[in-house]
1. In the stretch 40-54, is there at least one residue being part of a helix (DSSP H, G or I), at pLDDT 95 or above and within 10 Å of the chain's Cα centre (by Cα)?
2. Kindly indicate whether residue 3 is at pLDDT below 90 and out of contact with any helix residue (DSSP H, G or I) (no Cβ under 8 Å at 6 or more places or on another chain).
3. Return the residues of the stretch 103-117 that are assigned to a helix (DSSP H, G or I) and either within 14 Å of the chain's Cα centre (by Cα) or surrounded by 20 or more Cβ atoms within 10 Å (Cβ to Cβ) (or both); say none if nothing qualifies.
4. Scan the stretch 78-102 residue by residue and report those that are loosely packed, with under 14 Cβ neighbours inside 10 Å and within 14 Å of residue 118 (Cβ to Cβ).
5. Restricting to the stretch 36-45, give me the number of residues that are over 19 Å from residue 124 (Cβ atoms) and surrounded by 13 or more Cβ atoms within 10 Å (Cβ to Cβ).
């Protein structure tokens, strides 16, 4: 039992060190930003662009899940983090492409529209960095 606790502590330390700490912080900021944006948009003008606002809310949920699972240790958290980063990457590419090819479908921007151009393209780069970091720290999670 002590070995498992020690391994979990070591894994958390690896995942939360240096770049991991920055990655978790950025995901947390994006969770807050996307959630606040979606909340205001849904609460005040949902009828104007419901799909866009619901996509922003979905993005916020993905960012929350990624933040929590990147910060936690264990095989399950690692798998969920990989899944959430993958969903995010696919979402950014799909919504980004769709929003550029059919501007009428998105009368208002989402977090992922235009490949995250409203957020300095960070939503496009962030899942790639997240997946890279998870790949680099995977041994600690897989060994458990």
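1. Scanning the stretch 40-54 turns up no residue that is part of a helix (DSSP H, G or I), at pLDDT 95 or above and within 10 Å of the chain's Cα centre (by Cα).
2. Working: at pLDDT below 90: yes; out of contact with any helix residue (DSSP H, G or I) (no Cβ under 8 Å at 6 or more places or on another chain): yes.
So residue 3 fits the description; yes.
3. To start, the set of residues in the stretch 103-117 that are assigned to a helix (DSSP H, G or I) comprises 103-105, 113-117.
Once the filter is applied, which keeps residues that are assigned to a helix (DSSP H, G or I) and either within 14 Å of the chain's Cα centre (by Cα) or surrounded by 20 or more Cβ atoms within 10 Å (Cβ to Cβ) (or both), the stretch 103-117 yields 113, 114, 115, 116.
4. Within the stretch 78-102, just 100 meets the criteria.
5. From the stretch 36-45, those over 19 Å from residue 124 (Cβ atoms) are 36, 39-45; that's our starting set.
Filter once more, keeping what is surrounded by 13 or more Cβ atoms within 10 Å (Cβ to Cβ): 39, 41-42.
Number satisfying all stated conditions: 3.
The values are calculated or read from the model by the stated rules, or taken from the named source; none is laboratory data. Since this is a predicted model, take the numbers as computed values, not measurements. Cβ sites come from the backbone with ideal geometry, for glycine too, and all protein chains shown count toward neighbours.
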